[in-house]
Amino acid sequence: MDIRRLPSVSVQADIRALPFKDSQFVFVLAEDVVEHVSRQYVLTVFCEIWRVLKPNGTAEIKMPNIDRIITKYVNKQIDANELVRLLWGQADYDENVHQVGATPELIADVLDFVGIPRSSYHIRRWLLGSEGNNMLITLRRS
């Protein structure tokens, strides 16, 4: 699924209004998606992902961890050019810019606000495979 019409994309859709029935999927993967949605729609995105999950389903959402990125810059592990790329995206096409940044604490607040029980989510602060810049939000619907 992608917002763009591409030959390799089987479903063209906007994550803010998923064209799927409630409780349709046992697994949802949103990798490098949420940060591309404007701040006013972040709640909507998490509600949509939760809505399409079947009972006992799992969603994995990967997105940049702003705390981690800024810490790496302050500790001189990355330069200013890399900081800008990580914070704002590649910008190699119109939709490929980051519109929102988040920390694990902010995401927990969002999940709490939309009514996802704390027992239904886990947030890993960083992923080693992504050079430690991304967090992984795992939702499990009971």
The stretch 15-140: antiparallel bridges as % of DSSP beta bridges, rounded to 5, reads 65
For the stretch 15-140, whose charge dipole is built from +1 on Lys and Arg Cβ atoms and -1 on Asp and Glu Cβ atoms, the candidate among TYR121, ASN133, ILE78 with its Cα farthest towards the positive end is TYR121
In terms of the alpha carbon gyration tensor, root eigenvalues a ≥ b ≥ c, rounded if a/c is under 1.5 and otherwise prolate when a/b exceeds b/c or oblate, the stretch 1-46 is oblate
Sorted by chain and number, the residues with a modelled amide H under 5 Å from that of ASN133, at a separation of 5 or more or across chains, are LEU127
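Where the only charges are on Cβ atoms (+1 Lys, Arg; -1 Asp, Glu), what is the dipole of the stretch 1-105 about its Cα centre, to the nearest 20 debye?
The dipole of the stretch 1-105 has a size of about 180 debye.
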With x for Gly and Pro, the residue-by-residue ³J(HN,Hα) of the stretch 55-61, computed from phi through the Karplus equation 6.51 cos²θ - 1.76 cosθ + 1.60 at θ = phi - 60° and given in whole Hz, is x, 6, x, 10, 10, 10, 10
Residue-normalised 222 nm signal for the chain, counting each DSSP H run of n ≥ 4 as -39,500 (n - 2.57), nearest 500 deg cm²/dmol, is -8000 deg cm²/dmol
Placing +1 on each Lys and Arg Cβ and -1 on each Asp and Glu Cβ in the chain, then taking the dipole about the Cα centre, the residue among PHE27, TYR41, ASN96 whose Cα reaches farthest towards the positive end is PHE27
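Every number in this text was worked out from the coordinates using simple rules, so none of it is lab data. The model shown is predicted, which means the values in this text are computed figures rather than measured ones. Using ideal geometry, Cβ is built from the backbone for each residue, glycine included, and neighbour counts are taken over all protein chains shown.
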